[in-house]
Each structure stands twice: as structure tokens, then as C-alpha cells.
Amino acid sequence: MATTTTQMSGAEIVDLCRKHTVFEWSAQGSVDPIPMARAKGVYFWTPEGKRYIDFNSQLMCVNIGHGDERVVRAIQEQAATLPYANPFMATEARAKLGAKLSQIAPGDIDVFFFTNGGADANENAIKVARQYTGRHKILSFYRSYHGGTAGAMMLTGDPRRWAAEPGMAGVVHVLNPYHGIQRGWDTAEQALATLEETIQLEGPSTIAAFFLEPVTGTNGVLIPPDGYLQGVRELCTKYGILMVADEVMSGFGRTGQWFAIDNWGIVPDLLTMAKGLTSAYVPLGAVGLRRPIADHFKDKVFYGGLTYNSHPLGCATALAVLQVYEDDRLIENARRMGAVMKQLLNDLQTKHATVGAVRSIGLFGLVELVKDRQSMEPLAPFNGTSEPMKRLSRLFREGGLYTFVRWNTFFTNPPLIVTEDELRQGFAIIDKCLSAL
Ligand SMILES: Cc1ncc(COP(=O)(O)O)c(C=O)c1O
């Protein structure tokens, strides 16, 4: 049951937040936030006790679910012992977390630089790649998001980049294997040919790295055709380009493996992470480096730093969260519940003519809505919304389901602790809302 933990009403909280704080990626006059007072498991509540099932793990990050007391205790203990140490210090939490991540990360990725979150993990990966290769260009996909800071914003291929241009020079965007619901997918061979042609035209010797989300997140849960990532690995090796897997969203069990790239058995040169690393209980990100790249910085200075690098509170939280993934077998649960979710998504597609496509891997899922199945015209345009999509958002909210609705898509990304019952509850709300639409 919800117990109110706020002194203010939901309406008072919303009013004051709107008056004195800025909401991201929004025209401030049109934001309509849900006042959130407390959360537990897969649910959260408003101050007045309205319950929502969290079908997006907030921002695809609270992977272990809300309010895990083991993690709360670890945070309290670290805060009481040593809440902060500067980055030139060596702390136990930092030591143990580096060692633990080296066991989890693919291949010989066993050295880590800790950051505040995902965007600055990518910023530092850019620095590592440029300093290691001596080259300056960076490739990334058009359908991608890599963060809101200056460099990561330029890597970002989607329209969130436009307002920040012109920015850091040297970024080249590559077409994804996916071209939207009407044109569909390239084969792995076609997409690899596009990539190699881009590399040739740009000049292989000028390209430091290719940043990619192994499974693209907010741009549509794009699961690459089999053979594509293996081919990217081969092209990167062939041309001396670092392959950088941005696993900020896809990491830590979301796809049913520790990292999405593990689904294809590939070892990238650098791996960036955040979100699920601490399940967002406190902020922390990291760049993982393969041993030979880390060794490059043994006698060369690594030019990068942050006041909150290797923050003890973040490191201690991550250690406790990693323990929860293991103790509660959450990666396995993501695989098992992922199979149930795939069926539930397919059922939606069978039942509702507006469902043009469903995609999922583990508990990373998405529905693309269309006007009709003949034209496959999206229910909202690229980079836009529409009355039906706005209405669907309202219906979800009224029905007590929280998820991410973007353009003509909505996501199904519950915490990895979700049970079959809870999954069915969420999908029953979705089914009802789609019928009402
Ligand atoms: C793939 C990916 N990379 C980077 C980021 C940026 O992370 P942060 O918002 O923690 O800076 C995100 C955030 O959603 C992301 O999804």
C-alpha cells in the first residue's frame, strides 16, 4: 500500500517544479509531469496514492526494480564511512568494482574509467580512441543516441543533435540497417557494404572509432540482422578503427545477457555503460578498455578527468547492484520473462491493426504503430507526434501504466525483476488502451 512520504500534494510539487526548474527536451509550457512520491518493485506512487506499473524502468535504468533494501543499506553504509574521495585516491569500493566488472565485461575488457553517467562515459571514450589511434574522425549511426554533452551530442544521430550544431568536428554518420517501418531492413551484407563504402570515402586512416549501440535504444529497439555486428568487428579490425559498444541502455541484463554484444559473442575495443550499472540508485558511468588499449596509457598520460571520477558512493552502489543481479538471477529472469513478453507483443500485433511491428530482445521491447497495415504509414511522423499518439499517452496514464512514448512507438522495458503476472497486468492495460484508441 502507498504511504505518503511527501509534505506537499502532487499538484503543489508539479507547480513548483514547473515554476523553478527546467524539464529536459521539452517546451516548458507543455510539460505535464507525474508527481512521484515513492516506488517499490515494479510500481511507483503519486503523493495521493495513485499507483503506476513502471513499464520503462523509469528511463530504461532501474533494472533491479525500485527500493531494493540491500542496495539502500550499501548506500547508507558508504555514506556513513566515506561519501567522497578525490579521483587520485584509491578506495576499496573502486578497487572491488574494477575487479568485478573485469569478470563481467566481454573478453579482455578489464580496465575501467568511472564517470558520472552515460554521456561523459562516451566523451571519455572519444578521448581514449583519439589518443590511442592518433586519428580524429568518429563514425556513429543516424538512428542513435549517445548523450546530451557536447561531443556525445554530435555522435548522436537523431534529431536531438540538430539544435546543438555546429559542434565537435569530425563525426560522420552512417545509415543503420533499418530504414523505418515502410522501407524496413537491409540484410547484414547490404548494411556492411554501406559501412565499408563510408569508411573508404572518409579515409580509413582518419577514423579513430565507430560508436554504436549494439541494440539501438530510444531510436527503436533495433536488433541488428545476424552477421552485422560480426561484420562490423571485422571491418574495424581490418582498418584499425576502434569498435566502441555504447551499452549505456542495453547493458546489465536488459537483453537477457550481461551486455547486448554478448548475444553475438563479440568483443568491442571499448565499452561504455551507466544506467543499469547502479540501476540509477545513484549516478555512475564507466568506460571499459581492452587490456592493450589500457596498456597504451602506462607510459602516456591519459588526458581526461572528473571531480566525481570513481565516486565512492557510486562504486559502492554498483557493487551492491551487481550482487543483486547475481543473487536474484536477474539476467536469467530477463531471458525467461523476455520469452513471455515476446509472446505478449506478438498477441498485440495479431489483435490490433494499428500495430505495424513489434521487436524485443530480453526485456527490451517496442511497438511501432501505423495508420493501417497496407500503407504502413507511421501513426506519427519521424521526429513528430500526432493526436492518436498523444491520446495513447493519456490512456496509458489514466490506466496506471508508465512507459516511454516517442514518435509512432512505445516501449515495454520493465525492471528485470518483473514476474509473469506483472507482465500480463501491464499488457492488459496496453491491450485495453489500444482497443480504446
Ligand atoms: C545509448 C545511450 N548512450 C548514452 C546515453 C546518455 O546517458 P546519460 O543520460 O546518463 O548521460 C543514453 C541515455 O539514454 C543512452 O541511451
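The values are calculated or read from the model by the stated rules, or taken from the named source; none is laboratory data. Values in this document were obtained by computation on a predicted structure and should not be read as measured data. Methodologically, a virtual Cβ is constructed for each residue, glycine included, from the backbone with ideal geometry; neighbour enumeration extends over all protein chains shown. With ligands, DNA and RNA removed, areas are computed over all heavy atoms of the protein, side chains included. Shrake-Rupley method; radii C 1.70, N 1.55, O 1.52, S 1.80 Å.
A few comments on the model shown:
- Shape of region 309-437, Cα gyration tensor, a/c cut at 1.5: prolate
- Averaging 1/r over every pair of different alpha carbons in region 324-400 and inverting the result gives a Kirkwood radius of 14.2 Å.
- Most to least accessible of 404, 410 (protein chains only, probe 1.4 Å): 404, 410
- Amide H partners (placed H, <5 Å) of residue 209, local residues excluded: 139, 242
- The Rg/Rh ratio for region 369-429, using Cα coordinates for both the radius of gyration and the Kirkwood hydrodynamic radius, is 1.03.
- Taking a ≥ b ≥ c as the square roots of the eigenvalues of the alpha carbon gyration tensor, region 13-123 is prolate, as a/c is not under 1.5 and a/b beats b/c.
- Convex hull of region 102-235 built on C-alpha atoms - directionally averaged projected area, nm²: 8.8
- HN-Hα J in Hz across region 107-115 - Karplus 6.51, -1.76, 1.60, θ = phi - 60°, x for Gly and Pro: x, 9, 6, 9, 10, 10, 10, 8, 10
- Accessible-area composition of the chain, carbon plus sulfur, in percent [1.4 Å probe]: 54
- Residue 158 long-range amide H proximity, modeled H, under 5 Å: 144
- Listed residues 36, 389 arranged by accessible area, highest first, probe 1.4 Å: 36, 389
- Distant-in-sequence amide contacts of residue 364, defined by a placed amide H-H separation under 5 Å and a gap of 5 or more residues or a different chain, comprise nothing.
- Centre-to-centre separation between the Cα atoms of region 211-256 and those of region 378-427: 25 Å.
- Secondary-structure-derived ellipticity at 222 nm for the chain, considering helices only, amounts to -12000 deg cm²/dmol, per-run term -39500 (n - 2.57) for DSSP H runs with n ≥ 4.
- Convex hull volume per residue for region 129-208, taking Cα atoms only, in Å³: 102
- Exceeding the 22 Å Cα-Cα cut-off - candidates 371/432; 40/275; 40/390: 40/390
- Over the chain - Rg/Rh using Cα atoms and the Kirkwood inverse-distance radius: 0.95
- Over region 45-178, the hull volume per residue, using the convex hull of the C-alpha atoms, is 204 Å³.
- Local electrostatic count, residue 8, Cβ distance below 12 Å [Lys/Arg +1, Asp/Glu -1]: -3
- Descending semi-axes in whole angstrom, ellipsoid equivalent of region 202-258, from the Cα gyration tensor: 23, 12, 10
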